[in-house]
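Participant: Before anything else, here's the structure in question.
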Amino acid sequence: MTPRGERARPMSPDERRDAIVAATVPLLAQQGGTVTTKEIAEAAGIAEGTIFRVFKDKRELFMTVAERVMNPPGGREEMAAYLAGTADLRAQMVLVVERLVARMEQGMLVMMALRSVFMAEGPDKQAKHEKPGPPAFIVESNRQLMLNLTEVLFAPHAAELRVAPATAALVLRSLVFGAWHPGMPFSEHPFTPDEVADVVLRGIAEPGNH
């Protein structure tokens with residue numbers, strides 16, 4: 001806490017960007033693309049004009065938010081930290097699935113908000129010459145997730161697996177993304193993280209029946 005009578009140290013541009021992004025994430029989740037820069041400024045405790053000193057427009061702010069949600073800084077270190085409390089592969093998988101589902105649900109809310117903004121404002125003129133396909137940050141997010149699952153979750157348990165750690169990572173990621181994607185029809189009883197761990201580790205056939 002800053003002593004009374006002393007002014008708080010001014011934030012650097014990077015710190016200010018981080019604070020604005022952090023304030024924007026829950027607002028996007030609650031209100032979607034209708035959230036205003038005035039509301040974001042109020043949540044961040046700053047003047048509205050401050051937003052436009054670190055972001056050129058609302059589109060750039062939302063894109064930065066999406067990137068941080070989809071591929072948060074320090075994701076590898078965070079995974080290693082929360083897995084350190086248990087050495088059991090199944091228990092670790094349950095923890096990973098819980099985190100992945102929460103991150104994916106938040107990411108989908110942000111991406112839907114982005115879509116509404118893009119539809120209202122039209123295409124980004126600066127992006128006309130970019131190659132078609134998903135934004136680079138989504139590609140990088142998937143690449144980093146696969147590395148983390150392979151190297152942090154499965155590689156330490158390689159002796160317990162009958163497939164390569166990278167294959168195990170792909171199976172887990174595919175099952176989670178397919179099961180929890182909001183566009184997929186689903187049963188009345190969605191998967192639980194425990195069920196995902198069981199299917200990945202044991203398959204779907206009864207022992208001795210295949």
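Participant: Taking the simple approach of a point 7 Å from Cα along Cα-to-Cβ for both ALA136 and ARG162, what is their distance in nm?
Facilitator: Taking the simple label geometry, ALA136 and ARG162 are separated by 4.3 nm.
Participant: Here's a follow-up. Counting other Cβ atoms within 10 Å of each Cβ, which GluC sites (Glu not before Pro) in region 1-106 have at most 16 and sit in a DSSP loop?
Facilitator: Details: sites: GLU6, GLU15, GLU39, GLU42, GLU48, GLU60, GLU67, GLU77, GLU78, GLU98, GLU105; in loops: GLU6.
Here the sparse-neighbourhood loop sites are GLU6.
Computed from the coordinates by the stated procedures, all read-outs in this text should not be read as laboratory data. Because the structure is predicted, anything quoted here is derived from the model rather than measured. All Cβ positions, glycine included, derive from the backbone under ideal geometry; neighbour counts span all protein chains shown.
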